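Asker: Input: one structure, supplied below.
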Amino acid sequence: MSKFLTHFLFTYYIEYMAYTEEELKKELETKEYEYGFYTDIESDTFPVGLNEEIVIAISKKKEEPEWMTQWRLEAFRIWESMEEPTWANVHYEKPDFQKISYYSAPKSADPNKTLDDVDPDLLEMYRKLGISVDEQKKLQNVAVDIVVDSVSVATTFKKTLAEKGIIFMPISEAIKEHPELVKKYIGSVVPQKDNFYAALNSAVFTDGSFCYIPKGVRCPMELSTYFRINQAGTGQFERTLLIADEDSYVSYLEGCTAPSRDENQLHAAVVELIALDGAEIKYSTVQNWFPGNSEGKGGVFNFVTKRAICEKNAKVSWTQVETGSAVTWKYPSCILKGDNSIGEFYSIAVTNNYQQADTGTKMIHLGKNTKSTIISKGISAGKSQNSYRGLVQINSRADGARNFSQCDSLLMGNECGAHTFPYIEAKNKTAMIEHEATTSKIGEDQIFYCNQRGIDTEKAIALIVNGFSKEVLNKLPMEFAVEAQKLLEISLEGSVG
Amino acid sequence: MLKIKDLHASVDDKEILRGINLEVKAGEVHAIMGPNGSGKSTLASVIAGNERFEVTQGSIELSGEDLEEVSPEERAHKGVFLSFQYPVEIPGVSVTNFMKTAINESRKAKGLEDMPAKDMLKLIREKSELLEIDRKFLSRSLNEGFSGGEKKRNEIFQMAMLEPKVAILDETDSGLDIDALRIVASGVNKLKSKDNAVILITHYQRLLEYIVPDFVHVLHNGKIVKSGGKELALELEEKGYDWLKQETAV
Ligand SMILES: Nc1ncnc2c1ncn2[C@@H]1O[C@H](COP(=O)(O)OP(=O)(O)OP(=O)(O)O)[C@@H](O)[C@H]1O
Ligand SMILES: [Mg+2]
């Protein structure tokens with residue numbers, strides 16, 4: 001129930017407009033930019049198209065300080081000079097960036113809408129995922145009536161976090177309240193010019209979250225229950241910045257197992273993780289964007305840049321379960337800068353029907369005795385295409401660096417594809433790199449064996465898929481793992497005739 | 001209990017079973033022998049409902065119910081069990097998890113709740129002791145990396161867990177060492193009752209010394225060409241199949 005309140009708080013931040021003298025002055029200074037335009041942006045949705053005025057207007061809407069506006073503009077100019085990448089093994093109609101509206105006020109609940117108005121298929125899926133009725137309402141933008149209880153829960157969370165000095169808030173708020181931290185770290189791992197989508201995100205991001213764990217603090221809870229529902233409403237260009245100060249620890253869960261039918265086709269998020277000396281960050285994602293229907297119509301394009309920097313003795317683990325999106329382009333990476341730092345990547349990517357996924361990771365070994373582990377499990381069904389793309393780079397001064405990679409693909413049926421593109425660049429002869437890859441198919445004999453023991457085909461596939469994915473599922477926090485497991489079953493439903 | 005009438009079955013338009021008649025009553029043990037490729041495993045598969053094979057003629061009845069429209073999993077729920085000649089591997093799925101799923105799916109089909117964990121543990125303990133299976137074994141992935149004999153013993157462990165009405169053991173004895181054969185056979189004997197039946201598919205008389213059959217049938221070219229008592233197995237051991245093949249060729 002905590003989830004509702006946090007959602008409520010989140011939207012509140014966005015809608016609330018503080019107007020200080022200081023800001024008024026700044027606004028006047030930049031008045032000429034928005035002249036003739038500002039009236040337009042009084043409305044909740046910006047006109048389509050992207051130009052400097054829009055970028056400034058977003059910044060204005062978020063009441064950002066001048067340095068942030070400038071940072072966005074810089075990103076925009078870089079983006080303008082870039083080309084959309086085409087190297088990934090995905091095919092789609094390129095979005096027209098001038099036909100997208102880059103700012104929409106958060107939707108508020110419609111008091112007249114009830115669950116009876118919601119697509120019964122979706123409700124059935126929610127039921128299978130064990131999502132509570134209130135949560136379903138929230139996801140469907142239906143007014144939720146229980147607030148009292150959530151207030152206390154969320155307050156407890158806030159209190160516990162505050163006592164430890166943990167900062168956890170929407171990034172738009174952090175820009176105002178903790179400018180020194182944001183200024184120092186934003187773009188430090190994923191610079192504006194990093195890639196086409198990252199540049200776009202840097203220019204137009206509208207919300208996301210910010211988290212700072214102080215020195216030596218172990219965050220006492222998974223930052224998940226607190227957050228899960230928020231994500232359902234987040235926009236197209238989400239920006240996350242997570243800083244774990246020296247010797248701290250945090251486990252962060254992102255995403256939502258509930259299927260999100262977002263009318264926004266294009267999603268380009270940026271996530272930056274900073275693990276300072278001796279810190280550990282566990283970042284788990286379950287992503288279930290609308291993949292398009294069984295004919296391949298609709299569906300979300302998900303182009304994400306996620307990267308972590310690990311200082312001395314630091315450790316970052318990325319764990320992801322990807323079942324959604326029509327097109328996914330995503331490579332959570334680790335820069336192992338400090339000596340003895342560790343990077344891990346555990347991934348399950350499921351594609352069905354006409355979905356296309358090109359995912360993987362990059363492990364950049366810069367420090368001595370750095371270690372990385374990559375376990376990637378791709379499951380393809382229907383007519384889908386599932387690619388793993390991984391880069392292991394060992395720098396010349398990274399003595400004693402080690403990597404272990406394992407890429408397993410599971411195919412269902414004859415019309416899908418699995419591809420592996422492992423790239424290895426080792427510039428230090430002491431590097432030890434191991435790579436294993438397997439491809440298997442769910443066999444009729446395996447299914448019959450299960451059937452013979454009383455397990456129907458649907459359940460048999462779930463069992464086989466879960467077995468195949470076990471090493472990765474085991475890395476997820478308990479509660480999330482159960483949801484992920486159910487999600488796998490549902491995503492593959494009807495994939496064998 | 002199990003009544004097979006004039007059963008014909010084919011795969012890819014190739015007829016493999018050509019008119020099998022067999023009746024197995026509760027409390028009985030039947031042995032099916034016959035040369036390689038005669039159709040023994042096919043018969044077992046068809047009884048279990050494997051859809052790779054098309055039943056072109058005849059019928060299979062279980063306790064008076066025609067199985068034609070009954071799916072393999074429903075047959076299992078009704079008490080059909082097949083110990084596979086070649087058990088398949090399911091990586092990442094532990095024997096325990098697999099059994100738990102199997103038992104609970106059967107219970108669900110009967111409108112029962114999942115078996116409480118406590119009872120499940122007790123059952124596992126009891127049955128793994130019956131078959132002298134080290135419990136560490138049960139946490140391993142199903143059949144993955146199991147030796148030939150371990151796979152077979154694990155099949156019978158599953159049988160013990162599921163307590164079927166009709167158990168078909170397809171060459172369970174092959175691959176078992178002498179001690180294992182004794183353990184598995186005595187396990188099967190303990191599971192046997194007046195309410196269930198066992199069909200043993202085997203090439204060797206040895207198993208039949210442990211599990212004594214009431215009837216022995218010889219399958220050749222998709223047909224039962226000879227039936228008799230347990231002494232028929234001894235005769236086969238002595239003479240081989242040639243005399244029968246010749247007899248039927250005439
Ligand atoms: N899926 C299949 N496709 C084609 N032919 C098959 C198939 N399954 C079985 N057969 C053929 O059917 C015949 C009977 O096979 P089956 O496995 O039933 O023999 P069996 O009596 O069990 O032999 P063995 O004693 O060697 O186990 C063989 O000729 C076999 O090649
Ligand atoms: Mg056989």
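Asker: Quickly work out the A:TRP67-to-B:ASP6 label distance, labels modelled 7 Å from Cα along the C-beta direction, and quote it in nm with one decimal.
Answerer: For the pair B:ASP6/A:TRP67, the computed spacing is 9.2 nm.
Asker: If you take the charge dipole of segment B:1-89 about its Cα centre, with +1 on Lys and Arg Cβ and -1 on Asp and Glu Cβ, which of B:VAL88, B:ILE32, B:SER45 is farthest toward its positive end?
Answerer: About the Cα centre, the residue reaching furthest to the positive side is B:ILE32.
Asker: Turning to a different aspect of this structure: Under 5 Å between amide H atoms, partner at least 5 residues away or on a different chain: which partners does A:LEU391 have, H built in plane at 1.01 Å?
Answerer: A:THR361, A:LYS362, A:MET363, A:TYR423
Asker: Which entries in B:LYS3/B:LYS100; A:LYS429/A:LYS470; B:LYS14/B:LYS127; A:LYS459/B:LYS152; A:LYS362/A:LYS486 show an alpha-carbon gap greater than 32 Å?
Answerer: Details: B:LYS3/B:LYS100 30 Å; A:LYS429/A:LYS470 34 Å; B:LYS14/B:LYS127 41 Å; A:LYS459/B:LYS152 24 Å; A:LYS362/A:LYS486 29 Å.
Long pairs (Cα-Cα over 32 Å): A:LYS429/A:LYS470; B:LYS14/B:LYS127.
Asker: Moving to a separate point now. Please work out the FRET efficiency for the pair B:ALA26 and A:VAL482, using the Cβ-Cβ distance as r and a Förster radius of 41 Å; give the result to the nearest 0.05.
Answerer: Efficiency at R0 = 41 Å is approximately 0.45.
Asker: Now, a different point. What figure, in Å² to the nearest 10, do you get for the accessible area of A:MET432 with a 1.4 Å probe and non-protein molecules left out?
Answerer: Result for A:MET432: roughly 110 Å² accessible.
Asker: Residues of segment B:84-127 that become at least 20 Å² less accessible with every protein chain present than in their own chain isolated, using 1.4 Å: which are they?
Answerer: Residues shielded by partner chains are B:PHE84, B:VAL88, B:ILE90, B:PRO91, B:GLY92, B:VAL93, B:PHE98, B:THR101, B:ALA102, B:GLU105.
Asker: Can you list which of the trypsin sites (Lys or Arg not before Pro) found in segment B:33-127 are DSSP loop residues with at most 11 other C-beta atoms within 10 Å?
Answerer: B:LYS110
Asker: With a Förster radius of 60 Å, plug the Cβ-Cβ distance of B:GLU54 and A:GLU83 into 1/(1 + (r/R0)^6) and report the FRET value to the nearest 0.05.
Answerer: Numbers: r = 56 Å, r/R0 = 0.94.
Using R0 = 60 Å, I get an efficiency of 0.60.
Asker: Here's something else I'd like to know. Would you tally the net charge around A:GLU272, using a Cβ to Cβ cut-off of less than 9 Å, leaving A:GLU272 out, and scoring K and R as +1, D and E as -1?
Answerer: +3
Asker: Excluding ligands, DNA and RNA, what is the solvent-accessible area per residue of segment A:371-423 at a probe of 1.4 Å, expressed in Å²?
Answerer: Result: 34 Å² per residue.
Asker: Let me ask something else. Among DSSP beta bridges whose residues both lie in segment B:2-249, state the antiparallel percentage, nearest 5. Each step should come with its number before you reach the end.
Answerer: Values: 24 of 41 bridges.
Of all bridge pairs located within segment B:2-249, approximately 60 percent are antiparallel.
Asker: When only DSSP loop residues count, what GluC sites (Glu not before Pro) in segment A:431-462 have their Cβ near at most 15 other Cβ atoms within 10 Å? Before the final figure, lay out each step's value.
Answerer: Working: sites: A:GLU434, A:GLU436, A:GLU444, A:GLU458; in loops: none.
Passing sites in segment A:431-462 do not exist.
Asker: Given a 1.4 Å probe, show me the residues in segment B:64-81 buried by at least 50 Å² of accessible surface when comparing the whole protein assembly to the chain alone.
Answerer: B:GLU73
Asker: Given H placed on each backbone N at 1.01 Å, which residues far from A:GLY400 in sequence or on other chains put an amide H within less than 5 Å of it?
Answerer: A:ASN369, A:THR430, A:ALA431
Asker: If r is the Cβ-Cβ distance from B:ALA109 to A:HIS91 and R0 is 51 Å, what FRET efficiency results, to the nearest 0.05?
Answerer: Given R0 = 51 Å and the Cβ-Cβ separation, E is 0.70.
Asker: Could you please state how large a percent of the accessible area of segment B:10-80 is carbon and sulfur, counting protein chains only and using a 1.4 Å probe?
Answerer: The C+S portion of the solvent-accessible surface of segment B:10-80 is 38 percent.
Asker: Further question on the same structure: Label-point separation (nm) for B:PHE137 and B:ILE178, each offset 7 Å from Cα along Cα-to-Cβ?
Answerer: Here the modelled spin labels are 2.0 nm apart.
Asker: Hey, got the dipole for segment B:2-249? About the Cα centre, +1 on K and R Cβ, -1 on D and E Cβ, debye to the nearest 20?
Answerer: For segment B:2-249, the charge dipole is close to 620 debye.
Asker: Can you list residues from other chains, or at least 5 along the same chain, whose modelled amide H is less than 5 Å from the amide H of B:SER94?
Answerer: Answer set, sorted by chain and number: B:LEU142.
Asker: I'd like to check one number: the per residue accessible area of segment B:2-249, probe 1.4 Å, reported in Å² as a whole number.
Answerer: I get 47 Å² per residue for segment B:2-249.
Asker: Using a probe radius of 1.4 Å on protein heavy atoms only, what is the accessible area buried between chains A and B, both sides summed, to the nearest 100 Å²?
Answerer: Protein heavy atoms only, the A-B interface buries about 2000 Å².
Asker: Given segment B:2-249, report the % of alpha carbon pairs whose separation exceeds 29 Å.
Answerer: Roughly 29 percent, once rounded to a whole number.
Asker: Next question, about the same structure. Between beta-carbons, use under 13 Å as the cut-off and find the net charge around B:GLU231, counting Lys and Arg +1, Asp and Glu -1.
Answerer: Net of charged neighbours comes to -2.
Asker: I need the phi-derived Karplus couplings for segment A:313-320: 6.51 cos²θ - 1.76 cosθ + 1.60, θ = phi - 60°, integer Hz, Gly and Pro marked x.
Answerer: Karplus-based 3J(HN,Hα) across segment A:313-320 equals 6, 8, 9, 10, 10, 9, 10, 9 Hz.
Asker: Report the gain in length on full extension from B:ASP214 to B:LYS245: 0.36 nm times residue separation, minus Cα-Cα distance, nm rounded to one decimal.
Answerer: 8.8 nm
Asker: Using a 1.4 Å probe on protein heavy atoms, which residues of segment A:467-481 have at least 20 Å² less accessible area in the complex than alone?
Answerer: Residues losing area: A:GLY467, A:LYS470.
The values are calculated or read from the model by the stated rules, or taken from the named source; none is laboratory data. Please read all numbers here as calculations on a predicted model, not as lab measurements. Using ideal geometry, Cβ is built from the backbone for each residue, glycine included, and neighbour counts are taken over all protein chains shown. Side chains are part of the model used for accessible areas, which takes the heavy atoms of the whole protein and leaves out ligands, DNA and RNA. Shrake-Rupley method; radii C 1.70, N 1.55, O 1.52, S 1.80 Å.
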